[in-house]
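Asks: Before anything else, here's the structure in question.
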Amino acid sequence: STKSLSLNTGAQIPQVGLGTWQSKDNDAYRAVMAALKDGYRHIDTAAIYQNEDQVGQAIKDSGVPRAEIFVTTKLWCTQHHEPAKALDQSLNRLGLNYVDLYLMHWPVSLDANSIRDGNILSVPTKEDGSRAVDITNWSFIKTWELMQELPKTGKTKAVGVSNFSINNLKDLLASQGNKLTPAANQVEIHPLLPQNELIEFCKSKKIIIEAYSPLGSTNAPLLREPVILEIAKKNNVQPGQVVISWHAQRGYVVLPKSVNPDRIKTNRNVFTLSDEDFEAINNIAKEEGEKRVVHPNWSPFEIFK
Ligand code: A2P
């Protein structure tokens, strides 16, 4: 799909973008090259993905004019106190002089000093190897106050958030220092986690929703759902296209991740689902129960309650 949606800044954002979480090294480079060749004009990365170098190199090598591509990156939790510096570092790795969208990756700040491997672009772990968060004496309200100054520098065209619940957004919008409404909220959405209330809330505030892990993340568990397989067969399309078309039909940005050139290509070919098929996909969560599949045990999700 070459369709675009409008951000509250007036900018256009291509509805289907390439996700790059877990795309490593040369895979990330090749994925972005393949995507841009196939007509994608929207690439989503983040400092924590540790692939900004490869993503930026592919953008450069693709020969596609920079102005035609919508690029998003994200502020990692260890740099909530210094988003301007973090953005400079991301731009440096990307080899770009601006991004189109800069997101606060999580409404959680992590103490960089608590990181034992010395790499601030990592998630602190406990002695037993499990993930731990160290919520410092800081709030995402302060982070947002610093972030909302960034569009003035021209280094990002827009700022937004990610992994924000309705309550997080309400707190942010009601905060004293708030001057800007986030342009976007990027969250986990797929047929097992439809996020209907969050989508409605963001729509009412003119915050664009972006769906990450739209296929259910690693190994795309959604694509084994009998309902999806049946609809794919009936329409003579790939199961991935069915799920991505369902997202597109719901009217928000969808960011399928793939490093496979064939899947990258088909993922962008959205089609119109019949009302009946659309409803059948809506019913998956009603029948199976809602399920977070990304970081189900990671404590930042406590904040969604
Ligand atoms: P790969 O990168 O090898 O294609 P999500 O977008 O929900 O995060 O899902 C990403 C996962 O789904 C990755 O494991 C990715 O693997 C796989 N994937 C992406 N597109 C498709 C597709 N069309 N069919 C099957 N698996 C896919």
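Asks: Going highest first, how would you order 238-244, 13-19 by mean Cβ packing within 10 Å?
Replies: Numbers: 238-244: 22.7, 13-19: 24.6.
Top to bottom by mean Cβ count within 10 Å: 13-19, 238-244.
Asks: Follow-up. Which percent, to the nearest 5, of DSSP beta bridges fully inside the chain are antiparallel?
Replies: Beta bridges within the chain, antiparallel portion: roughly 20 percent.
Asks: So which of LYS3/LYS257; LYS24/LYS179; LYS265/LYS286; LYS24/LYS85 end up more than 28 Å apart by C-alpha?
Replies: Numbers: LYS3/LYS257 18 Å; LYS24/LYS179 37 Å; LYS265/LYS286 31 Å; LYS24/LYS85 24 Å.
Exceeds cut-off: LYS24/LYS179; LYS265/LYS286.
Asks: Restricting everything to alpha-carbon atoms, can you work out Rg to Rh for segment 49-123 with a Kirkwood hydrodynamic radius?
Replies: Radius of gyration over Kirkwood radius for segment 49-123 works out to 1.01.
Asks: Output needed: percent of Cα pairs per 10 Å distance bin for the chain, bins running from 0 to the one holding the longest distance.
Replies: 6, 28, 36, 23, 6, 0
Asks: Tell me the mean residue ellipticity at 222 nm calculated for the chain from its helices only (DSSP H runs of n ≥ 4, each -39500 (n - 2.57), averaged over every residue, nearest 500).
Replies: Counting only the DSSP helices, I get -10500 deg cm²/dmol.
Asks: Report the convex hull volume per residue for segment 129-270, counting only C-alpha atoms, in Å³. Don't jump to the answer; show the numbers that get you there.
Replies: Values: hull volume 22.5 nm³, N = 142.
Cα-based convex hull of segment 129-270, divided per residue, equals 159 Å³.
Asks: Still on this structure, please answer the following. Hey, could you get me the Stokes-Einstein D for segment 190-305, Kirkwood radius over alpha-carbon pairs, 10 °C and 1.306 mPa s, rounded to whole µm² s⁻¹?
Replies: Value of D from the Cα-based Kirkwood radius: 107 µm²/s.
Asks: Let me ask something additional. Compute, for the chain, the length of the dipole vector about the Cα centre, with Cβ point charges of +1 (Lys, Arg) and -1 (Asp, Glu) only. Units Debye, rounded to 20.
Replies: 660
Asks: Can you compute 3J(HN,Hα) from phi for each residue in segment 155-165, using the Karplus curve 6.51 cos²θ - 1.76 cosθ + 1.60 with θ = phi - 60°, rounded to whole Hz and x for Gly and Pro?
Replies: Karplus values, whole Hz, x for Gly and Pro: 7, 9, 7, 8, 10, x, 10, 8, 6, 9, 7.
Asks: Here's a follow-up. Of the candidates SER62, SER245, SER23, which one comes out as most mobile in a Gaussian network treatment of the chain with C-alpha springs shorter than 10 Å?
Replies: So, out of SER62, SER245, SER23, the one fluctuating most is SER62.
Asks: Using a cut-off of 10 Å between beta-carbons, work out the net charge of the residues near ILE264 (Lys and Arg +1, Asp and Glu -1, ILE264 not included).
Replies: Combined, the nearby Lys, Arg, Asp and Glu give +4.
Asks: Enter the mean projected area of the convex hull around the alpha-carbon atoms of segment 139-180, in nm², rounded to one decimal.
Replies: 2.9
Asks: Dividing the Cα convex hull volume of segment 1-114 by residue count, how many Å³ per residue is that?
Replies: Per-residue hull volume (Cα only) is 109 Å³.
Asks: While we're looking at this one, here's another question. Can you give the angle from 0 to 90° between the axis of helix 83-94 and the longest principal axis of the chain, with both taken from C-alpha atoms, to the nearest 10?
Replies: Helix 83-94 sits roughly 60 degrees off the main axis of the chain.
All of the numbers you see were taken from the coordinates with simple rules; none came from a lab. Being a predicted model, the structure only gives us computed values, none of them experimental. Note that each Cβ is placed from the backbone with ideal geometry, even for glycine, and that neighbours are counted across all protein chains shown.
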